[in-house]
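Here is the structure we will look at.
The values are calculated or read from the model by the stated rules, or taken from the named source; none is laboratory data. The shown structure was predicted, so the numbers you read here are calculated from the model rather than taken from an experiment. Here the Cβ positions follow ideal geometry from the backbone for every residue, glycine too, while neighbour counts run over all protein chains shown. Side chains included, ligands, DNA and RNA excluded: accessible areas come from the protein's heavy atoms. Shrake-Rupley method; radii C 1.70, N 1.55, O 1.52, S 1.80 Å.
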Amino acid sequence: QENTRSIADFLAARYGKRQGIASTVTLIMVCATVPYIALQMKAISDTMLLLLPDSHVSQQHLSLLITITLITLVIFFDNRRLEGTGYHAGLMTAVAFESLMKLVAMVAIAVLAVALVNQDSQRLLVAHEALNNFLAPELSYRFVLETLISAAAVLCLPRMFHVAFVELISQRHLRIAGYMFPLYLVITGFCILLISIAGTVMFAGQEVRADTYVMMLPVSESNDWLTLLAFIGGVSAATAMIIVACITLSYMLSNDVVLPYLMHRKRHQPVPAPDYSAAMINSRRATVVLVLVMSAVYQLVLANDVRLTDIGLVAFTLAIQVCPAMIFGLYSARGNAMAAYASLVAGTTIWFISLMIPLLIQAQVLPQSLLQDGIFGIGWLRPEHLFYFDFADAFSRAVTLSLGANIVAYWLFSGSGKTSLSDRIQ
């Protein structure tokens, strides 16, 4: 009924059809998706360098080649269709195929992992100990936070929102997904557990990163077929994620940023209204190129020596800043546009200070002194000890403070008609 094409359209419709909210959410999602795409590009380049250790191809040249290939793929899938709503059969078929390939590869490597551990009684003993450590009933604060972040990201990431809602054309699809999607995740998670235990056993004492176990297990056994299958599964998964993310971002940017700008420029033009279709299609292609180039730069400058999981968590934490406005907007009638603006600004600001600035410092873009002295030399603005908080670890503090500020700001500016803002602050 609302002709919703994206999460930005959804929130704008909830808060009075405010174009500013759609534009704000779109820019936040661009900033959140660029690291996420950089994560996928880094996974592809790291895998290729892992398989070709003696090659003389530099990381920069490989990133350039991957970026050009991805730009071609995304523009090919996006074609010349102007309408963003409705079912994209080719796109969904590609996503389904990569999901199947990824699952087949994970199951095959998991079977190899079990076989390798069972070859030796000493390996079995170490694996049993690793499994007991995993099953130990100790839930840390960070583990709980990461679980909540991942759950919220299922709804808040632009590509997830697009596939879950915009591409939904049948209630039957929803019922099937209700049990197929959790089953898919359970199988994947079980395979990850087996591969992690086997990697811990096989590469004990070696400098092998945990996020390369899937590739290194078949490589260590010189199993070319399984190595190829793991490579195809990983690359297909990464490229499908990038394609859907870029397409959804191109729709959001063209509809919620470019089109309002064009209409504002020509608002005094007499009827008939100008035709923006060519400009919209070209802007979508331009935004695809821009987003992928930004992701490649992010990968080379900020993500070279960072674990894949850390890149993903930084992106997820920014993406879920729209979650309070989404949830409260659905279940509370008190929310308004001012509350949505306040929550987005407060949460994003804390996220930038506590998570992005340390990343820029690590990449030597900003001076190291900011960590000790704080922003502008203010002690309570130290990025990793914001407001003098010192509980848990730096990441957990950043997530707690950003979401806490987000929720508090929403509550302060949401109105019931009975209490003023000053009364709420008091």
Can you find a residue that is in contact with a Ser or Thr (Cβ under 6 Å, 6 or more places away or on another chain) and either open to solvent by 50 Å² or more (accessible area, probe 1.4 Å) or at pLDDT below 80 (or both) anywhere in region 200-222? yes
Is it true that some residue in region 316-325 is in a loop (DSSP other than H, G, I, E, B), closer than 23 Å to Thr67 by Cβ and open to solvent by less than 30 Å² (accessible area, probe 1.4 Å)? no
Give the residue that is surrounded by the most Cβ atoms within 10 Å (Cβ to Cβ), with candidates limited to residues of region 97-135 that are within 29 Å of the chain's Cα centre (by Cα) and among the small types (Gly, Ala, Ser). Ala113
Being touching a helix residue (DSSP H, G or I) at 6+ places or on another chain (Cβ under 8 Å), modelled with pLDDT under 85 and outside any helix (DSSP H, G or I) is the requirement here; does Ala245 meet it? no
Restricting attention to region 156-188, which residues are part of a helix (DSSP H, G or I), open to solvent by less than 50 Å² (accessible area, probe 1.4 Å) and farther than 24 Å from Met106 by Cα? Cys156, Pro158, Phe161, His162, Val166
Go through region 144-169 residue by residue and tally those that are of a type in the set (Asp, Glu) and more than 15 Å from Val95 (Cβ to Cβ). 1
Please list, ordered by first then second residue, the pairs with beta carbon atoms under 7 Å, 6 or more apart or interchain, first in region 141-155 and farther than 18 Å from Tyr36 by Cβ and open to solvent by 50 Å² or more (accessible area, probe 1.4 Å), second of a type outside the set (Gly, Ala, Ser) and modelled with pLDDT of 85 or more. Arg142/Phe395
Test: Met338 is modelled with pLDDT of 85 or more, surrounded by fewer than 21 Cβ atoms within 10 Å (Cβ to Cβ), part of a helix (DSSP H, G or I) and more than 23 Å from the chain's Cα centre (by Cα): yes
Just to be sure I understand the filter: pairs with C-beta atoms under 9 Å, separated by 6 or more residues or on different chains, first member in region 170-182 and farther than 15 Å from Met92 by Cα, second member at pLDDT 85 or above and not aliphatic (A, V, I, L, M). Which pairs pass? none
Per the filter on region 376-395, residues open to solvent by less than 30 Å² (accessible area, probe 1.4 Å) and either modelled with pLDDT under 80 or farther than 26 Å from Ser140 by Cβ (or both) are Gly379, Leu381
Among the residues in region 291-300, are any under 18 Å from the mean Cα position of the chain (by Cα), within 21 Å of Leu27 (Cα to Cα), in contact (Cβ under 8 Å) with a residue 24 or more places away in the chain and surrounded by fewer than 17 Cβ atoms within 10 Å (Cβ to Cβ)? yes
Which condition does Leu366 not pass, out of (1) outside any helix (DSSP H, G or I); (2) in contact with a Phe, Trp or Tyr (Cβ under 9 Å, 6 or more places away or on another chain); (3) surrounded by fewer than 19 Cβ atoms within 10 Å (Cβ to Cβ), if it passes all the others? (2)
Return the only residue of Leu330, Leu344 being within 30 Å of Gly16 (Cα to Cα) and surrounded by fewer than 16 Cβ atoms within 10 Å (Cβ to Cβ). Leu330
Counting only residues that are aliphatic (A, V, I, L, M) and open to solvent by 50 Å² or more (accessible area, probe 1.4 Å), region 223-244 contains a total of 2
Considering only residues that are touching a Pro at 6+ places or on another chain (Cβ under 6 Å) and surrounded by 24 or more Cβ atoms within 10 Å (Cβ to Cβ), which ones fall in region 9-32? Met29
